[in-house]
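Engineer: This structure is in structure tokens; I'll ask about it shortly.
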Amino acid sequence: MRILITGSSGHLGEALVRELGGEGHDVVGLDILSADTTTVTGSISDRGAVRRAIEGMDAVIHAATLHKPHVATHSKQKFVDTNITGTLTLLEEAVRAEVSRFVFTSTTSSFGNALRPEQPNAAVWVTEDLAPIPRNIYGVTKTAAEDICQLVAEEHGLPCVVLRTSRFFPEADDMKHTMDDFADANIKANEYLYRRVDIADVVSAHRCALERAPQIGFGRFIISATTPFRRDDCKALIEDAPAVVSRDFPDYEDVYARIGWKMFRAIGRVYVNDRAREQLGWSPRYDFAHVIESLRTGDSPLSPLARAIGSKGYHRPRLSRESASRDPPVPKEGSR
């Protein structure tokens, strides 16, 4: 298959180019930054550059975007130009080039203020049925881009799959209340319970989306590590999250104690990947069970691909504690 991958100089883009190219696909990378994984240097909002890059392609994976950290450094207009206009340009040119499938990398940040629980004594159970309520220009533009994907899919019959990915970047956490109380690796390990995914599993989700797009037509899917929690755990996750974790992982406290880690006192949301596993045939490998087993044996919880890609560093290498997000916790994820 001939595949155009946008954002090919970025973290996910590089991983997609490496993996899909290594599987024998004819991959073309498009990015505004030059890199070994980028074939065409240009902007996704430049129709001429997009048209040249997309000619003869069978599929498009659209991973290029302005991310949440760019909210502090880029104008709202730039977000619109990149995340909305760029996506529309790609979709229109994909239709013109008779591309057979289109995969759009979105984000669970699109849920935004919908993640604030109506009842403060229960975690939010997040499925694709939860309506997004974006809280910043990043979420607004990604949600709008998803809707444009659906519009073009319905008007032109272009099979299009939207993947709402949870956290997979290696950069430090951006929530001040957790940065103050937890080591960064501890935060990331805890997040595999409810809001993080390894980049190797993100790549495999894109692979599945490419394969299933013609049968699906249009669909939105949450891409996050498989949670061990159940919907009826939501109240207990607010009251005593460590006790819920201990139910499924009786020895996690001993493993954590050996390295000086701790669990969040409360967990306020849970991303659920059931639909992606059922409809995409996706089988994520890296979850909290994998984290605990890796820590027990002294291995890294990260996939070999995550270790190979590392941190790009050109967004904002590390948020300072002063500049970290002041978004209020829902609820505060205290220590235990």
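Engineer: Tally time: how many residues in region 53-108 are aromatic (Phe, Trp, Tyr) and in contact with a strand residue (DSSP E or B) (Cβ under 6 Å, 6 or more places away or on another chain)? Give the derivation first.
Structural biologist: Our first condition is that a residue be aromatic (Phe, Trp, Tyr); within region 53-108, this holds for 79, 102, 104.
With the extra rule that they be in contact with a strand residue (DSSP E or B) (Cβ under 6 Å, 6 or more places away or on another chain), the set shrinks to 102, 104.
Of the residues in that region, 2 qualify.
Engineer: Pairs please, first residue from region 263-274 and farther than 13 Å from Asp181 by Cβ, second anywhere and part of a loop (DSSP other than H, G, I, E, B) and among the acidic types (Asp, Glu), Cβ atoms under 7 Å, 6+ apart in sequence or on different chains.
Structural biologist: That search, which allows pairs on different chains as well, returns Ile267/Glu333.
Engineer: Please enumerate the residues belonging to region 180-229 that are part of a loop (DSSP other than H, G, I, E, B) and among the hydroxyl-bearing types (Ser, Thr, Tyr).
Structural biologist: Initial filter on region 180-229 (part of a loop (DSSP other than H, G, I, E, B)): 180-183, 192-195, 197-198, 217, 224-229.
Those that are part of a loop (DSSP other than H, G, I, E, B) and among the hydroxyl-bearing types (Ser, Thr, Tyr): Tyr192, Tyr194, Ser224, Thr226, Thr227.
Engineer: Take region 235-255 and flag every residue that is touching a residue at least 24 places away in the same chain (Cβ under 8 Å) and of a type in the set (Ser, Thr, Tyr).
Structural biologist: Tyr252 - this is the single residue of region 235-255 that is touching a residue at least 24 places away in the same chain (Cβ under 8 Å) and of a type in the set (Ser, Thr, Tyr).
Engineer: Let me ask another. Counting only residues that are assigned to a helix (DSSP H, G or I) and either β-branched (Val, Ile, Thr) or in contact with a Pro (Cβ under 7 Å, 6 or more places away or on another chain) (or both), which one in region 246-267 is surrounded by the fewest Cβ atoms within 10 Å (Cβ to Cβ)? Talk me through it step by step, then tell me what you get.
Structural biologist: Residues of region 246-267 assigned to a helix (DSSP H, G or I): 246-248, 252-259.
Next, only the ones that are either β-branched (Val, Ile, Thr) or in contact with a Pro (Cβ under 7 Å, 6 or more places away or on another chain) (or both) stay: 248, 255, 259.
Numbers: Asp248: 15, Val255: 17, Ile259: 12.
Among them, the one singled out is Ile259.
Engineer: Also, quick follow-up: Return the residues of region 43-88 that are small (Gly, Ala, Ser) and either closer than 21 Å to Phe168 by Cα or buried (at least 16 other Cβ atoms within 10 Å of the Cβ) (or both); say none if nothing qualifies. Working first, answer last.
Structural biologist: Pass one, region 43-88, residues small (Gly, Ala, Ser): 43, 45, 48-49, 53, 56, 59, 63-64, 72, 75, 86.
Answer for region 43-88, where residues must be small (Gly, Ala, Ser) and either closer than 21 Å to Phe168 by Cα or buried (at least 16 other Cβ atoms within 10 Å of the Cβ) (or both): Ser43, Ser45, Ala49, Ala53, Ala59, Ala63, Ala64, Ala72, Gly86.
Engineer: Let me ask something else about it. Out of Arg101, Arg96, I need the residue that is surrounded by 17 or more Cβ atoms within 10 Å (Cβ to Cβ), touching a residue at least 24 places away in the same chain (Cβ under 8 Å) and of a type in the set (Lys, Arg). Which one? Walk me through it before giving the result.
Structural biologist: On the way: Arg96 fails: surrounded by 17 or more Cβ atoms within 10 Å (Cβ to Cβ).
Testing whether each residue is surrounded by 17 or more Cβ atoms within 10 Å (Cβ to Cβ), touching a residue at least 24 places away in the same chain (Cβ under 8 Å) and of a type in the set (Lys, Arg) leaves just Arg101.
Engineer: Would you point out which residue out of Gly48, Gly21, Gly42 is of a type outside the set (A, V, I, L, M), without any contact (Cβ under 8 Å) to a residue 24 or more places away in the chain and in contact with a strand residue (DSSP E or B) (Cβ under 6 Å, 6 or more places away or on another chain)?
Structural biologist: Working: Gly48 fails: in contact with a strand residue (DSSP E or B) (Cβ under 6 Å, 6 or more places away or on another chain); Gly42 fails: in contact with a strand residue (DSSP E or B) (Cβ under 6 Å, 6 or more places away or on another chain).
One residue alone meets the criteria, Gly21.
Engineer: Another question about this same structure. Being surrounded by fewer than 21 Cβ atoms within 10 Å (Cβ to Cβ) and either part of a loop (DSSP other than H, G, I, E, B) or on the phi > 0 side of the Ramachandran plot (or both) is the filter here, so list the residues in region 129-168 that pass it.
Structural biologist: Passing the criteria: Asp129, Leu130, Ala131, Pro134, Arg135, Asn136, Gly157.
Every read-out reported here was derived from the displayed coordinates using simple, explicitly stated rules and does not represent laboratory data. Please read these numbers as outputs of a predicted model, since none were measured by experiment. FYI the Cβ positions are ideal-geometry reconstructions off the backbone, even for glycines, and counts take in every protein chain you see.
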